[in-house]
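Worksheet: the structure to be examined is printed underneath.
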Amino acid sequence: MKFYFFLLILIITHTSILAQDSIATHEKLNNKFNEVIESSNRYQEYRVIEIDKINKLKKEVTSTVEDQDIEINNLNKRIEDQVIQIQELNDQMEASKIDIAALEKGQDSMELLGIQLEKSMYNIILWSIIGILTLLLISFIYKFKNSNTLTSTAQEQLAQIEEEYENYRRNALEKEQRLNRQLLDAKKANK
């Protein structure tokens, strides 16, 4: 957009300069014609112009026309060059737009396991994985606490059973020893 504005200003400036040159040339030629007419002799309603003056005027007009043709050709070539330059700049601008679109697409997408995904899909997958892992962790913690509680209860019951068994064994041993003593005492008394 800035380039087009700059080009417009350049063309307007160049046109005004050429218009001034054209006006100056036009006035110069006009003055020459007036000079030739005024310096010519009158014959009735006609003016008689010397051949040298008319040839000189012809040469100046021809020279001016040739200069104008050269200037027109130069300007046409310059316009063609500017059109080519504008086309090249437009092509560069299109290439830049394509590059920008590719960069924006690259910024809006991410790669996961070699697969190109949009950021929203990437976020969904990532948070789904995090959610699943969190649920698994909570489940593991719950099962661990439950198992730990069961293990603690089982250990307490085992300790109680071992204590009861130990008491029973001790009582049974004491009872056996008492019975053995009574038996020995009875054998001694019978003898």
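The values are calculated or read from the model by the stated rules, or taken from the named source; none is laboratory data. Quick caveat, the model's predicted, so the values are computed rather than measured. We place every Cβ from the backbone using ideal geometry, glycine too, and count neighbours over all the protein chains shown.
Some points to look at:
- Any chance Glu94 is acidic (Asp, Glu), surrounded by 10 or more Cβ atoms within 10 Å (Cβ to Cβ) and outside any helix (DSSP H, G or I): no
- Condition met for Asn74 (at pLDDT 90 or above, over 25 Å from the mean Cα position of the chain (by Cα) and more than 30 Å from Ile124 (Cα to Cα)): yes
- Of the criteria (1) modelled with pLDDT under 80; (2) exposed (fewer than 10 other Cβ atoms within 10 Å of the Cβ), which one Gln116 fails: (2)
Residue-by-condition table, conditions (1) small (Gly, Ala, Ser); (2) within 30 Å of Leu126 (Cβ to Cβ); (3) part of a loop (DSSP other than H, G, I, E, B):
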{"position": "Arg78", "(1), (2), (3)": "no, no, no"}
{"position": "Val83", "(1), (2), (3)": "no, no, no"}
{"position": "Leu89", "(1), (2), (3)": "no, no, no"}
{"position": "Ala101", "(1), (2), (3)": "yes, yes, no"}
{"position": "Glu104", "(1), (2), (3)": "no, yes, no"}
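- Taking each residue of segment 136-149 that is at pLDDT below 95 and looking for partners that are charged (D, E, K, R) with beta-carbon atoms closer than 8 Å, six or more apart or interchain, yields nothing.
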